[in-house]
1. Working out 0.36 nm times the residue gap between Lys128 and Ala264, then minus their Cα-Cα distance, what length gain in nm do you get to one decimal?
2. Whole-Hz ³J(HN,Hα) for each residue in the range 244-252, computed from phi via Karplus 6.51 cos²θ - 1.76 cosθ + 1.60 with θ = phi - 60°, x for glycine and proline: what do you get?
3. Calculate for the chain the 222 nm mean residue ellipticity that helices alone would give, adding -39,500 (n - 2.57) per DSSP H run of length 4 or more and normalising by residue count, nearest 500 deg cm²/dmol.
4. Could you point to the residue in His254, Ala264, Ala233 farthest towards the positive end of the range 206-301's charge dipole, with +1 and -1 charges on the Cβ of Lys/Arg and Asp/Glu respectively?
5. Work from the charge dipole of the chain (Cβ charges, +1 for Lys and Arg, -1 for Asp and Glu, about the Cα centre) and give the residue of Val220, Thr291, Gly171 farthest towards its positive end.
6. Amide H neighbours of Arg210 under 5 Å, at least 5 residues apart or on other chains, H built in the peptide plane: list them.
7. What number do you get for the range 252-301 when its Cα radius of gyration is normalised by 2.2 N^0.38 Å, N = residues?
8. Which of the residue pairs Lys128/Lys203; Lys42/Lys240; Lys49/Lys240 have a Cα-Cα distance greater than 28 Å in the structure shown?
Amino acid sequence: MRIVFMGTPDFAVPSLDILVQAGHEIVAVVTVPDRKAGRGQKIISSPVKQYAESKNLPLLQPEKLRAPEFVQALEDLAPDLMIVVAFRMLPEMVWSIPKIGTFNLHASLLPDYRGAAPINWAIINGEKVTGATTFFIDKKIDTGNLLMSTKVEIPENWTAGDLHDELMVSGAKLVLETVKGLEAGALTPKPQDESAFKHHAPKIFKEDCRIDWSQSTESVYNKIRGLSPYPAAWTELAGKPVKLYRASKVIENHGTETGTIRIAQGLEVATSDGWIRIEELQIAGKKRMKTEDFLRGHKGDLDKMV
C-alpha cells in the first residue's frame, strides 16, 4: 500500500520506523514546520522530520492543513492509507483522501480517555491498566470505528514518562499489525461502545498541575507521577514555585495541618491521611535534583507547602 505518515514528537518515531523496517512504501511523511526554540532561537526540526531525513523519505511540512497546495500534494500522492501518530487534528478534506482511510494511534483503550492527554490522566486517576488503540478518523474527536487495541499494565510506581515510553513501543507494534490487517482485508472496523466511555482526557494547563495537600495521600501521589516529567506537578515553598517529579507515599494517621513539612526519612509533606515523601524536585531557577541535594542548602526554608 501507498502510505502517508503524519506525526511530530519522539512518540511517533518508532511507529514510522517499524513501518520502514517492515518494507512498507512510505510515499510521504507529514510533520510540523521547523520552529525557533530556546534562548538562542535556533531552528529546531521535529523528531519525525529528523528520522525521515535520515531515511531519505519525502517530507511535507504544511503551515496550514487546509492550504490548497497541501491538499493537492496529498491527492497527487494517491495514498491508499494515511496513518496519524501524535500530530494535529485533521480537516475532513485531508483525512478523507486515502482509498482505505486514515487511522490514528491513540494512547488509551478507546472509548475511555478520549482527549489530548490520555497518558497523564490514566495515572492521575490511579488506573492499573491502559493501552493503545487504532481507529479510523471521522468528523468527531476520537470517536471513529475501532481497528485494533493492546493492553498495558501500569505498575504503581510508574510516572507518565514511564507509561509514555512503554506505549511508544507497544503502540508502534500495534500500528504495524493494523497495517498488516488492513492490507490483508482481515480487519472489520467496529463502532465504539459508548457505555465504556467513562473518562475525559483533556489538555492539561498549569493550574491543573497545582497540588492540593488537603487531598488524600493516594490522590496526591498519583497526581505527581501522572504529571511527571511533563508538565510537572507543582506547589509553593516560601512563596516560590517548586516542581515535583518523583515521590512515595506514607499512609499514617496524624493531627498535622496539611501541607506541613517534616524531615523524617527525607522531605515529607502532610496530606489528609498521611505523608508524601518527595524524592525529586526542582525549585525555580534551578535544575531538577534529588531531595537529599535540595536539603543540603534549604533546610532553613522549610515550613509548609501550599
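1. On the way: separation 136, 0.36 × 136 = 48.96 nm, distance 2.96 nm.
So the chain would gain 46.0 nm between Lys128 and Ala264.
2. 10, 10, 9, 7, 9, 10, 10, 7, 7
3. Details: 8 runs with 81 residues, N = 306.
Taken over the chain, the calculation gives -8000 deg cm²/dmol.
4. Ala233
5. Thr291
6. Counting only residues 5 or more places away or on other chains, the set is Trp234.
7. Numbers: Rg = 11.7 Å, N = 50, 2.2 N^0.38 = 9.7 Å.
Normalised by 2.2 N^0.38 Å, the Cα Rg of the range 252-301 equals 1.20.
8. Values: Lys128/Lys203 21 Å; Lys42/Lys240 30 Å; Lys49/Lys240 38 Å.
From the list (Lys128/Lys203; Lys42/Lys240; Lys49/Lys240), the Cα-Cα distance tops 28 Å for Lys42/Lys240; Lys49/Lys240.
None of the figures in this text is laboratory data; all of them are computed from the coordinates on show. Here the structure is a predicted model, which means the values were calculated and not measured. Neighbour counts run over all protein chains shown; Cβ positions are idealised from the backbone, glycine included.
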